[in-house]
Amino acid sequence: MGYRQSNFDPLATTTTIHPIARPFDRWQWFGVFAEVVAVVLLLLFLADRAHIWRTGFDSVVFIMPFMLGGSFLLRRDPELPANMLGERKWQLLIILLGFALLPLAFLG
């Protein structure tokens, strides 16, 4: 259809939002939050190692649940409708387990 046809309407397009281009849903935002927690914990670890700030956080093991769980929650699942939990239950469980074990990182 060209612009010289009488029924041409430039605003009448059939645009569909591709699953990759759609905005983040709540689970992906929770993944962003988990990644931010992982970066903060990494900075605390590095500050403790460099003797800049004594935090008591001396193990990077406790960063892993946030880093891995957050990165898995951030991925796009084209088959999954927006705001559906789907297969992300286990990933969310890993992050919540990380929050539960986090106080153990500062004992020592």
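Nothing in this text is a laboratory measurement; each read-out follows from the coordinates by a stated rule. Remember, it's a predicted structure, so these values are computed and weren't measured experimentally. Because the Cβ atoms are built from the backbone with ideal geometry, glycine has one as well, and the counts that use them run over all protein chains shown.
Compare the Cα positions of S59, G69, W27 along the charge dipole of region 23-76 (+1 at Cβ of Lys, Arg; -1 at Cβ of Asp, Glu; about the Cα centre) and return the one farthest towards the positive end.
Value: W27.
For V61 and L96 in the same chain, what is the full-extension length gain: residue separation times 0.36 nm, less their Cα-Cα distance, in nm?
11.1 nm
Between L42 and F106, what is the spin-label point distance in nm, taking each point 7 Å from the Cα along the Cα→C-beta axis?
The modelled label-to-label distance comes out at 2.1 nm.
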